[in-house]
Protein chains: 2
Amino acid sequence: MFQSFTAPTTPEHGPARLQALREQITQEGLLGFMVPRADLHQGEYVAPCDERLAWLTGFTGSAGFCIVLPEIAGVFIDGRYRVQVRAQVADCFTPVAWPEIQPAAWIAAQISGKDGQNFKALSGGEIGFDPWLHTKSEIDRLQADLPEGISLRAVDNLVDRVWLDRPAPPSAIVRRHSAEFAGQSAAEKRAAIAADIGPARACVLTLPDSICWLLNIRGADIARNPIAQALAILNERGEVSLYAQSTKFEDVIDHLGSAVTLHPLSAFAPALRSLTGPVRVDAETAPLQIGVELAAAGTPLIWGADPCVIRKAVKNPAEIAGMEAAHLRDGAAMVTFLASMEADQFQSEAGDPLSEIEIVTRLEAARIATGQLIDISFDTICGAGPNGAIVHYRVTHETNRATRTGDILLIDSGGQYPDGTTDITRVVPVGEVLQDAVAPYTRVLQGMIDLSTARFPRGVAGAHLDALARAPLWRAGLDFDHGTGHGVGAALCVHEGPARISRASNIPLLEGMILSIEPGYYREGLFGIRIENLVRVVKAPDLGDLRDQLAFETLTLCPIDKRLIDPDLLTQDQRHWLNAYHRRVETALKPLVDAPTRAWLEAACAAL
Amino acid sequence: MFQSFTAPTTPEHGPARLQALREQITQEGLLGFMVPRADLHQGEYVAPCDERLAWLTGFTGSAGFCIVLPEIAGVFIDGRYRVQVRAQVADCFTPVAWPEIQPAAWIAAQISGKDGQNFKALSGGEIGFDPWLHTKSEIDRLQADLPEGISLRAVDNLVDRVWLDRPAPPSAIVRRHSAEFAGQSAAEKRAAIAADIGPARACVLTLPDSICWLLNIRGADIARNPIAQALAILNERGEVSLYAQSTKFEDVIDHLGSAVTLHPLSAFAPALRSLTGPVRVDAETAPLQIGVELAAAGTPLIWGADPCVIRKAVKNPAEIAGMEAAHLRDGAAMVTFLASMEADQFQSEAGDPLSEIEIVTRLEAARIATGQLIDISFDTICGAGPNGAIVHYRVTHETNRATRTGDILLIDSGGQYPDGTTDITRVVPVGEVLQDAVAPYTRVLQGMIDLSTARFPRGVAGAHLDALARAPLWRAGLDFDHGTGHGVGAALCVHEGPARISRASNIPLLEGMILSIEPGYYREGLFGIRIENLVRVVKAPDLGDLRDQLAFETLTLCPIDKRLIDPDLLTQDQRHWLNAYHRRVETALKPLVDAPTRAWLEAACAAL
C-alpha cells in the first residue's frame, strides 16, 4: 500500500520549536528568519528531511512559508489552506492570507505596528534566509519591496540547527529508464542540450526531473515522483558532473557512462567556483547561492531557463507509446475497480457501506494487480458527498466518510508505471442519482469535451484555451477555482511544466506536449464534480485549408458515467464525441478485463 | 458625401523629397532620420499636415515608419500592407517586413553590410528623430537595442524643413458635447481625475479623445474622429490648461468655464518647465520631449497611464442611452439601405449592376437621411467578391468592382452621431448564393453568437475570450488574421482603448465597456466574410449561484442574412439566439422604416 491515511501534523511542538528558533535568530543578530516550504530543488513535494515548515509550524500544505519576527510568526498560506492551517498550527503562529498579503507588506505592517497586532513596532534590521532554499527571482522581488531599514541576509539554515532529530536525506536506489521508453539515448540528449545552451560554456541543473530526463534515470527519493535528488553541471561538450549521494547511483554507473561523473554534494559549491563562464543558470528555479558562488569567482553568468524543461515537455514517439501503454493498463485497472464497486453495491464484504479509505485501498489494489505499478502518481483524492467539494481533499482516519446512497463520489488518482504516468478523475453516483448534480455534471462534461475537441493555431497558449472548458459552466453561472489543466511527465512527475491550461499561462502549446483537461464544479457541503482526461497535443488532421493547426488526442481510457448526464443539454457534436470515445474505450479495454467487468464495461460504454 | 474614392498617393515625388531630406540630414551631421506615421498625439489617424510619411514615401497605410540612412531608406510596414506598399512607393524606398524585422536589427544589418544590400558598411553615428513624435517607451526600446556606435539624437523635424507646401494644422470649430449624452459634467470629471492622479500634483494629457471626453467637447480636426487636437495639463485642483489654436474654442468658452484656461500651443513647453512636481506622464502615449522638459526643470515625474482612458472606456448610463439611440437610428438606416439594394436587385436606375462606390454612396445617403449624421465613423469597407477578402479594403475609382450575381458583398461601416458612434459589418449575397461561402459564414456566425452569449467572471480579459469566437472556425480548419474586437467610444473614436478582444489583450473587461465582436473569414481571390455587432459589458443576470459574473448585451440592431446560413450546423442555443435577436431587431426597427422596408425587415427577421 502506497497511500497512508494519517494526519501527520504535530501542532503541540510548535511553541517550543519556535522558541528554539528565535534563540538562534537572536544569537545571529537577526530580526527574523524565513522558513520556506521549498527545498533545494524548488519542487512541489519535499523529502521528510526538508519538511522544515511542517516541523516548525505543523502546517502540512503543499505551498506556503513562515516568517518569524520577534513577537509574531506569520504562516503564509493560499486560499486552499485557510481552514486547514487553523487546525494544524498552534496559537504562537499567525495565519496570513497570501498572496493577497505579500511578505514585504506584512513585514512593513509589523514594523509600523499598523496591522493592529498588540506589540511594539520594530526598528528595522536584517531578516535571515537560507540562500540554498530561495531563488534569485524570489529574493530580488522581496528585497525590492521591503520597507526602508529592513534587509535580507543569507545565513546558515537556523531551523536545521535546532531540528535535532532531522531525518536523513533520501537515498533511494536509482534505476535506469530504458531507451525503449525514453526514445532517445542520454548521450543524444546531452549533446542536444549542450548545443541549446550556447553561448554559455556550462549550465547548472537543479531540477531533479530535468536531470532524470536528461540521463534516462529514475529514482524514488520523493514519494509519488520517480525522481532522484541531485544537482548537475552540464558543460559545452555535453559532459555532466552529478552531485549527489553516490551510493544511490550504484546500479546505473555503466548506464551513465564515462561522460557522466559522480561527486558528493559537498563538491558542488567548489565546482561552481572553478567553472569557466559564461554559465547558464535559471533565475526562477535555481538557488540564489549558485549565482553568489559564480559571482564570487568572477565567472560571467547568463540567466536563462533550464534548457531541459521544454525538451522534456515535448514527448517523442517512444514516450507517447509508453504513455499510451500505461493508459491502457491503467484504464483496465480503473474499470475493474469501478465495476467491482458497482457489483458490490458500494458495500464491503461485511455488508457495511464502503468508506473512502476502503475505496482508495481497493483502487490501489486494482493498479497493483497490473503487476507494473511502481507507485501511485499522487495521493488519491477520494471524496464522497461533501468531502468531494474539498478540491485538495486527502482522506485520513479522522475524515473518512462511509458512502451513503445519493452521494456523489469523486475519485482523482493515477499510477506511476515503468513506461508512463497517469492521472484520471471520474465521478460516480453512489446508488441513487443526486438530481441536483446532473446539470453541473453535464456542464463540466461539456467543457471537457469542448476543449478536448478544439483545434487551434500554433502560438495559442493555455491562457487562450482555458475559457473553452469553462464557457458551458459560465453560461449557467457556475465556475471552478483551479486551473483547467497541467502538464504531465512521461514516467515522471504528474505535475510537469512549463505549459498549463490556465488564464495565467502564456506558454504556447507544442505538438507532443501532454496535458490534463480537468474542469470541475464544487458545491460546498454537498458534492464535488471533476472529469479529467490526459490529452496530447497533435498536428490537427488536414481539413483542406492551408492553415497548420494543432489539436488534442485523448490518452485516458475509462468510461465517463452516463447516469449523471442530462442528454438534452448536450449538442449533437458533444454526444457524438462521447459515444465515439466510449466505443474506443470499450474496444481497447474489453480484451484486458475479466467477464463480469466486461459486462459492466459494455453497459457503461453503450451509446447515449 | 464624407467618403472619397481617390487613391491619394504620389510616388513620383519620392526621389526628390528623399534627396532634399538627405541634404538636411548631412547638414545636421546626422547619419539618418526617422519619419514616423504618428503625430504629436499618437493617434490612429493624422491630419494632412502630419502626413509626413505619406508625403515623403507615398505610402498611405495607417501604420508604419521610414528610417532614412545614407544609401538606403527603409519603409517599415506590417503584413496588411505588403502588397500596397509596392504600388505606392518609388524604387528609392525599400519595404521592410515589420515587426518581423525590428528597426534596431535592420540598422545593425546596414552597418555591418550583412543584409546583402550593395552599399558600403556604415561606420556609426547618430540617427535623428523629432522628440515630439515619439514616446519615451518607443525611444527607450530602440536605444536599448541599437548596435554599438549608433545612437539617437533629438532634433527639429527635418521633414518639416523641406516640406514647403505643408498644409496648415486643422482648425475645426469645437462644439459642446451635451451633458445629456455625457452623463456627467466636465467639472465632475475634472474633480474625479484630479483625485485619481494623487500623489502627482499635475498630469499631462496628450490624447485628444481623453481631453474631449474630460471637457465634454467634440471637434472635427481629424476626419471620422470627432476630436479636437490639443494638449492639456490638469492640476491637483482639477483645473485644466489647454494648449491649442484658441480660435477653435470660440463656441465653447462659456461651456469650459473659468477652471479651464486657453493658451497657444507654443506656451506648452514653457508651461511644463514651470510646473511643480511630481507630474504624471504616460510613457506609452506622451511625446518623449515632455519628460525631457520636466527633467530639464528638475521636476519629479511619475510615469503612469493617462487617467482618462479607463474612465472613458467605462460608459455611464447616459452614454449607454446615447449609444442605444444611435444604434436604433443607425439600424433603421442600415435596413433601409439593405432593403433598397434588394428591391433594386443590385442594379442602378440605369439598369447597370451596382458598383462598390455606388453602394458606399447609397449607404452614406441612408445615414445622412437620419438627419443626425455628423460624419461616418470610418471609411466604409465595401468589398464585393474578391475585394471582400482584402481585410482593410477601401474602394477607389481604380479598384471599384461592379457587383455580379454570386458575389458575396461585405459592408463594414458606421456613423458618428451626436449621441453615439456605430460600427457594423454585414454580409449579403448578390443574387444567387455562393454555396462555398455557406459553411464558413455559418461558422463565423456561430463564433459571433458564442462570444455574444458568453458569461464570464470578473478579471477575464480579451485574451481569454478571443478563442470563443474562433473555436467554431478552428474546428473547420479556418481562422482569421485580425483581432476579434476593439473598444468603441461613446460619440468618440470608433477604435478606443484600452480593452480589446484579442490574444494580446490582458486588460480585464469591466461593466460599461463597449466593444465590437467581429469574427471573419477570408478566402483570397474569392470572398470575404465578417459579421460584427457592438456589445456592452453588463452584470450577468443572477442565476442563483453566488458568483458575480459579467456578460454582453448587443447594441447593434440589424438583421443577419439568413440565406448564407446552414441551419444544420447551428446548435439549438445558437438558433434560439438568432431568432430572439431577429425578433428584437424587428420590434425595434419596424416603427422607424417605410412600408417597403418594413416588408423586407419582416422577411429578414422571420424565424429560422
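The values are calculated or read from the model by the stated rules, or taken from the named source; none is laboratory data. Note that this is a predicted model, so its numbers are computed, not measured. Backbone-built Cβ (ideal geometry, glycine too); neighbour counts: all protein chains shown.
Here are the numbers for this structure:
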item: Residue that is nearest to the other protein chains (Cβ to nearest Cβ), among those in the stretch B:427-471 that are assigned to a helix (DSSP H, G or I), out of contact with any Leu (no Cβ under 8 Å at 6 or more places or on another chain) and surrounded by fewer than 24 Cβ atoms within 10 Å (Cβ to Cβ); result: B:A463
item: Residue count, the stretch A:278-292 (criterion: out of contact with any helix residue (DSSP H, G or I) (no Cβ under 8 Å at 6 or more places or on another chain) and outside any helix (DSSP H, G or I)); result: 5
item: Residue under evaluation A:P508, criteria (1) modelled with pLDDT of 95 or more; (2) more than 14 Å from chain B (Cβ to nearest Cβ), criterion not met; result: (2)
item: Qualifying residue in the stretch A:201-217 (condition: of a type in the set (K, R), modelled with pLDDT of 95 or more, in a loop (DSSP other than H, G, I, E, B) and within 17 Å of the chain's Cα centre (by Cα)); result: no
item: Scan of the stretch A:56-82 for residues that are hydroxyl-bearing (S, T, Y) and more than 18 Å from the chain's Cα centre (by Cα), ordered by number; result: A:T57
item: Criterion: over 29 Å from the mean Cα position of the chain (by Cα) and among the hydrophobic types (A, V, I, L, M, F, W, C) - qualifying residue of B:L578, B:L601; result: B:L601
item: Some residue of the stretch B:9-17 being within 30 Å of B:A172 (Cβ to Cβ) and part of a loop (DSSP other than H, G, I, E, B); result: yes
item: Members of the stretch B:496-509 found to be surrounded by fewer than 20 Cβ atoms within 10 Å (Cβ to Cβ) and within 25 Å of B:R224 (Cα to Cα), listed by number; result: B:P498, B:S502
item: Test result for A:Q42, at pLDDT 95 or above and either buried (at least 17 other Cβ atoms within 10 Å of the Cβ) or in a strand (DSSP E or B) (or both); result: no
item: Which listed residue is modelled with pLDDT of 95 or more, in a loop (DSSP other than H, G, I, E, B) and farther than 20 Å from A:T135 by Cα, from A:L275, A:L262; result: A:L275
item: Members of the stretch B:153-170 that are closer than 14 Å to B:W55 by Cα, of a type in the set (A, V, I, L, M) and surrounded by fewer than 18 Cβ atoms within 10 Å (Cβ to Cβ); result: B:L164
item: Residue check, A:R563 surrounded by 15 or more Cβ atoms within 10 Å (Cβ to Cβ), more than 23 Å from B:P457 (Cβ to Cβ) and among the charged types (D, E, K, R); result: no
item: Which listed residue, of B:I139, B:I150, B:I173, is at pLDDT 95 or above, buried (at least 16 other Cβ atoms within 10 Å of the Cβ) and not basic (K, R); result: B:I139
item: Of residues in the stretch A:472-484 being within 7 Å of another protein chain (Cβ to nearest Cβ) and among the aliphatic types (A, V, I, L, M), the one surrounded by the most Cβ atoms within 10 Å (Cβ to Cβ); result: A:L478
item: Residue in the stretch A:407-417 that is within 30 Å of A:S178 (Cβ to Cβ) and surrounded by fewer than 23 Cβ atoms within 10 Å (Cβ to Cβ) present; result: no
item: Matching entry among B:L550, B:L601 (being within 14 Å of chain A (Cβ to nearest Cβ) and hydrophobic (A, V, I, L, M, F, W, C)); result: B:L550
item: Scan of the stretch B:517-545 for residues that are facing another protein chain (nearest Cβ under 9 Å), surrounded by fewer than 21 Cβ atoms within 10 Å (Cβ to Cβ) and at negative phi, ordered by number; result: B:P541, B:D542, B:L543, B:D545
item: Listing of helices (runs of 4 or more DSSP H) fully contained in the stretch A:296-369 that carry 3 or more residues being under 30 Å from A:F5 (Cα atoms), of a type in the set (A, V, I, L, M, F, W, C) and modelled with pLDDT of 95 or more; result: A:317-343, A:356-368
item: Filtered residues of the stretch B:441-462 (kept if among the small types (G, A, S) and out of contact with any Pro (no Cβ under 6 Å at 6 or more places or on another chain)); result: B:S452, B:A454, B:G462
item: All positions within the stretch B:368-392 that are free of Cβ contacts under 8 Å to residues at least 24 places away in the same chain and under 17 Å from the mean Cα position of the chain (by Cα); result: none
item: Tally of residues being in a loop (DSSP other than H, G, I, E, B) and surrounded by fewer than 21 Cβ atoms within 10 Å (Cβ to Cβ) across the stretch A:45-57; result: 3
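So that you can scan it fast, the table gives a plain yes or no per residue for (1) buried (at least 18 other Cβ atoms within 10 Å of the Cβ); (2) in contact with a strand residue (DSSP E or B) (Cβ under 8 Å, 6 or more places away or on another chain); (3) under 22 Å from A:R329 (Cβ atoms):
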residue: A:L570; (1), (2), (3): yes, no, no
residue: A:Q574; (1), (2), (3): yes, no, no
residue: A:L578; (1), (2), (3): yes, no, no
residue: A:A599; (1), (2), (3): no, no, yes
residue: A:L608; (1), (2), (3): no, no, no
